[in-house]
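Student: Encoded as structure tokens, here's the structure I'll be asking about.
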Amino acid sequence: MNSSRRWIIILSFVTAILVAGVALNELRARPQQIELGVRGMVCDGCVDHLTRELKALPGVQSVSVSLEKERATVTLEPRSDIKTETIAEVVQRAGYEPDIGGVSARITSR
């Protein structure tokens, strides 16, 4: 193998590593959503109360609470380390029953 071909292979390898690093950083920078069931809400006041409590968490970008669907969707800021369990604790402290069993709670990247 001649010297210039060796350099082309090395440069291709380095480029691939750099591109993979950029892609990984981009993936880490995407906001995540945590969705879980919420039981015990009976009115719009409950929705407002839970929304305020969840928005107060550091690292939360936005919150959507549905009385009809009995669900809360929390969008996290990029690189936030908030866990589903933390969201469930806030729901419980607010006076509602979090449903994190089975598929009721899930984390997705957007």
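Student: Below 10 angstrom from the Cβ of residue 70, what's the summed charge of the other residues (Lys, Arg +1; Asp, Glu -1)?
Tutor: Here the charged neighbours net out to 0.
Student: Still on this structure, I have one more. Sort 44-56, 62-74 for me by packing, meaning the mean count of neighbouring Cβ atoms within 10 Å per residue, highest on top.
Tutor: 62-74, 44-56
FYI, it's all coordinate maths here, none of it is from the lab. The structure displayed is predicted, hence computed values, not measured ones. Cβ: placed from backbone, ideal geometry, glycine included. Neighbour counts: every protein chain shown.
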